Structures are given as C-alpha cells and as structure tokens.
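A.B. asks: Dropping a structure here in structure tokens format, bear with me for questions.
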Amino acid sequence: MRDVSMAMITTVQQHILQQQQEMLKSTGREPTGTFSWLLSGITLAAKMIEAKIRSAGLSDVYGAFGAENVQGEQQQKLDVYANQALLHCLGLRDSVAALVSEEDEEPVTFNRDAETGKYIIVFDPLDGSSNIDVNVNVGTIFSVLRRMPAELGTLEESILQPGFRQVAAGYVVYGPSTVLVYTTGNGVHGFTLDPTIGAFVLSNEKMRMPEQGSYYSVNEANAAGWPEEYRGYVEMLRTGGLKKEYSSRYIGSLVADFHRTLLKGGVFLYPPTLKQPKGKLRLLYEANPLAFIAEQAGGMATYGAGRILDIKPEGIHQRTPFCVGSRREMEALVAAVSPAATSASAR
Ligand code: F6P
C-alpha cells in the first residue's frame, strides 16, 4: 500500500492536533478537539482580515470609520471589519463563553453552560491600525483563557484572570507575508499563510528569542516624560553598556515590533510617561499574550516592578507599562528600572 503519511507540509490545524496527541501521551488526557475547532475560528477570521487588507487600496476601506472606540481612539474602517470578522467566526463556536475585544466596551457573552462554553477569547482585532493608510504592517493579537467552574468564580472573574493562566496566545502579522505565531505553553510555533492553498503552513517550529539582540525599540519622542531610570537604561544601551552596538527600530505597530524582537532579539519598551503614568498598552489583549509568547521563547516581560503575567487585572481595558525582549537586555532593564516603576505606579 502506498504510504500517505509522509508529511509534505504541516498546517496549523495539523500541528495543534499533533500537540494534543503528545499531550495524550504525556498526561493520558484525551483531546476533545474543541481547542483546535476554536483556533480554526481565529485562523478563518485572520484570512478574512488579510484578504480585506490586501485589497484595501482598491475597495475604499482605508480611512476613519467616523467613530471613536472605547479607548477614545479614531476607529478605522478596517478596525471595524476585523472586529466583526472575529466576533462572527468565534461567536459561532459552541465552546466560547465570552469574547472581549479592544473595540467593544463590554465583553460579548453567550448563554452557554460552563461545561460547553469553556473558553474566553480576548483580542485586539487590528493592532497598529493607524499604520494602515500608509501600507505598514498591522496585526491581530489574541489570548485564550479557560472559564472557571461556576463554584470557583463568575464569568467576569474568569475574564480577569492573570496572564499566567492563559491557555493559549498568539498573533497574526499582516506583512509582506501573513504570519501566525502561537503558543499553548509548549513552545512557540510560527506559520506562514500559503495563499495558493489558503492554509497557514508551519515555517518556524520551537522559536527561540536570541539571548541578546542588537535593536532597541521605543518611541523616543516620549523620552522627556519617562521616569529617569528608563532614560538612563536607553542611554546605557546606546553607549555600549551591554557590550553591543545597538540600532533603533520602531514601527509603531506593536505586533510588528514584537515579531522582530522575537526573531532578532533585543528589547521593546513602552514605559510609563508623565501623560500616561500607567502606560499606554493594554494588559489583556496586548501585553499578556505577547508576554506569554516571549517567556515561552526564552525571553522576559515586565511592567517595571514585576512580571507582566503576574498582574491581577482589574478591568478589561486596563493599561500597563510594557517591556519585553531578550534575557540579557531584560535582566539589565529590571535591574535599572524596578524601583522607579514602583514609584511611578504609586503616583
Ligand atoms: O496600542 C496601539 C499601538 O498602535 C501599538 O500597536 C503601538 O505599539 C503603539 O500603540 C504605538 O504608540 P505610539 O504612537 O504612542 O508610539
């Protein structure tokens, strides 16, 4: 008989199933297939968003939608489309209990019992959307939480679990090619969308962030408003304190700046500023998923005074200072800024 098992390509769906088989071997727990079905909702939405972005210049989807989102930011037409695509593709999945989006003030909840509706998906549908009109990379970021059993907490309490409880996290970068990166706590894996077959195909298995890189990434226009220790840290990088010549790179699309940091190493920072003492980036759907991925790839993520994944969220749109990157740069950062960040958050 012909051997049809030879793997020519591995799609993201196959990869998840393989990971579940490994889990079965190591834990004896039978995979339900629920999780891969859930992730297929995310990849379907990502393909819809990518198709819309590719034709953006042709189909009048550039520009402002004409409303502000919950953050007081101008919604772009593509923000609205990306949000609707995710709500649609995920809302149909029985296993979803709630969907929390950057674009919506309140979570969208589904009337499903806790046994069926086991997961909460938190997402930023189109990160970096101010870059769309100038044809620069944007992305989608997502985080998956397991709903707590009713006797342990309400659905709202399940949504506000700290980041170390995430069961999966990932992002999609819509760049020269469309790349999906995810973790379920068993390493970080990257896939590239093959447009000829419409599938995300494994391109980087077990991704590791280099121990040290040669880029720092920060909006230096804000430097005058940072706590002094952050200014000192960036100055230290610039002047060879880590025995490396650094160059700066800042796209202003978190997902793209993070993707480069994951592949090339270095550090990305969005420190507290005088204008935004609690930071700018959002904990649940920006910092937490990227911190989970960074740690799984051997890097670190901090808000200055502690690990991002240990923060107990108080609100779904909460902001946080966010610094993430290679071990070498991050250890130096923690040593330089910890006391400063503590006093900044107390302000
Ligand atoms: O949170 C939205 C976002 O656009 C991120 O993608 C990006 O890292 C950041 O804001 C850029 O902010 P700023 O323009 O203040 O540097």
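The values are calculated or read from the model by the stated rules, or taken from the named source; none is laboratory data. A quick note: this is a predicted structure, and the numbers were derived from the prediction, not measured. Cβ atoms come from the backbone with ideal geometry, glycine included; neighbour counts cover every protein chain shown. Ligands, DNA and RNA are stripped out before the accessible areas are found, and what is left, the full protein with its side chains, is counted by its heavy atoms. Shrake-Rupley method; radii C 1.70, N 1.55, O 1.52, S 1.80 Å.
A.B. asks: Where in region 145-207 are the strands (runs of 3 or more DSSP E), entirely inside, with at least 2 residues that are in contact with a strand residue (DSSP E or B) (Cβ under 6 Å, 6 or more places away or on another chain), at pLDDT 95 or above and open to solvent by 20 Å² or more (accessible area, probe 1.4 Å)?
C.D. replies: Counting at least 2 such residues, we get 188-194, 199-204.
Quick grid of which residues meet (1) within 12 Å of the ligand (Cβ to nearest atom); (2) within 18 Å of the chain's Cα centre (by Cα); (3) within 21 Å of LEU283 (Cβ to Cβ):
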position: GLY198; (1), (2), (3): no, no, no
position: LYS206; (1), (2), (3): no, yes, no
position: SER214; (1), (2), (3): no, no, no
position: VAL218; (1), (2), (3): yes, yes, yes
position: ALA221; (1), (2), (3): yes, no, no
position: TYR233; (1), (2), (3): no, no, no
position: GLY240; (1), (2), (3): no, no, no
position: VAL267; (1), (2), (3): no, yes, yes
position: TYR270; (1), (2), (3): yes, yes, yes
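A.B. asks: Now a separate question. Quick one: which residue in LEU274, LEU263, LEU237, LEU269 is open to solvent by 10 Å² or more (accessible area, probe 1.4 Å), aliphatic (A, V, I, L, M) and over 23 Å from PRO176 (Cα atoms)?
C.D. replies: Testing whether each residue is open to solvent by 10 Å² or more (accessible area, probe 1.4 Å), aliphatic (A, V, I, L, M) and over 23 Å from PRO176 (Cα atoms) leaves just LEU274.
A.B. asks: Something else about it: Quick test for you: out of VAL172, VAL201, pick the one residue that is within 29 Å of GLY315 (Cβ to Cβ) and not small (Gly, Ala, Ser).
C.D. replies: VAL172
A.B. asks: Quick check: is even one residue across region 326-339 under 17 Å from the mean Cα position of the chain (by Cα) and under 23 Å from TYR182 (Cα atoms)?
C.D. replies: Checked region 326-339: at least one residue is under 17 Å from the mean Cα position of the chain (by Cα) and under 23 Å from TYR182 (Cα atoms).
A.B. asks: Turning to a different aspect of this structure: Could you tell me which residue of region 107-134 is farthest from the ligand (Cβ to nearest atom), considering only residues that are in contact (Cβ under 8 Å) with a residue 60 or more places away in the chain and part of a loop (DSSP other than H, G, I, E, B)?
C.D. replies: Going through the qualifying residues, I end up with LYS118.
A.B. asks: Determine whether region 328-337 contains at least one residue that is farther than 30 Å from PRO107 by Cα and at pLDDT below 95.
C.D. replies: Yes; the residues of region 328-337 include at least one that is farther than 30 Å from PRO107 by Cα and at pLDDT below 95.
A.B. asks: Turning to a different aspect of this structure: Looking for something open to solvent by 50 Å² or more (accessible area, probe 1.4 Å), within 21 Å of SER129 (Cβ to Cβ), among the hydrophobic types (A, V, I, L, M, F, W, C) and touching a helix residue (DSSP H, G or I) at 6+ places or on another chain (Cβ under 7 Å) - is there at least one such residue anywhere in region 220-229?
C.D. replies: No - not one qualifying residue is present in region 220-229.
A.B. asks: Filter region 135-144 down to residues that are open to solvent by 20 Å² or more (accessible area, probe 1.4 Å) and of a type in the set (S, T, N, Q) and give me whichever is farthest from the ligand (Cβ to nearest atom).
C.D. replies: In this case the residue turns out to be ASN135.
A.B. asks: Another question about this same structure. So, in region 94-106, of the ones that are closer than 14 Å to PHE35 by Cα and in a loop (DSSP other than H, G, I, E, B), which residue ends up farthest from the ligand (Cβ to nearest atom)?
C.D. replies: The residue in question is ASP94.
A.B. asks: Only one residue in LYS312, LYS280 is touching a residue at least 24 places away in the same chain (Cβ under 8 Å), out of contact with any helix residue (DSSP H, G or I) (no Cβ under 8 Å at 6 or more places or on another chain) and more than 14 Å from the ligand (Cβ to nearest atom). Which one?
C.D. replies: None of the others qualify; the one that does is LYS312.
A.B. asks: All but one of (1) of a type in the set (S, T, N, Q); (2) more than 13 Å from the ligand (Cβ to nearest atom); (3) over 19 Å from the mean Cα position of the chain (by Cα); (4) at pLDDT 95 or above hold for GLN296, so report the exception by its number.
C.D. replies: Against the list (1) of a type in the set (S, T, N, Q); (2) more than 13 Å from the ligand (Cβ to nearest atom); (3) over 19 Å from the mean Cα position of the chain (by Cα); (4) at pLDDT 95 or above, GLN296 comes up short only on (3).
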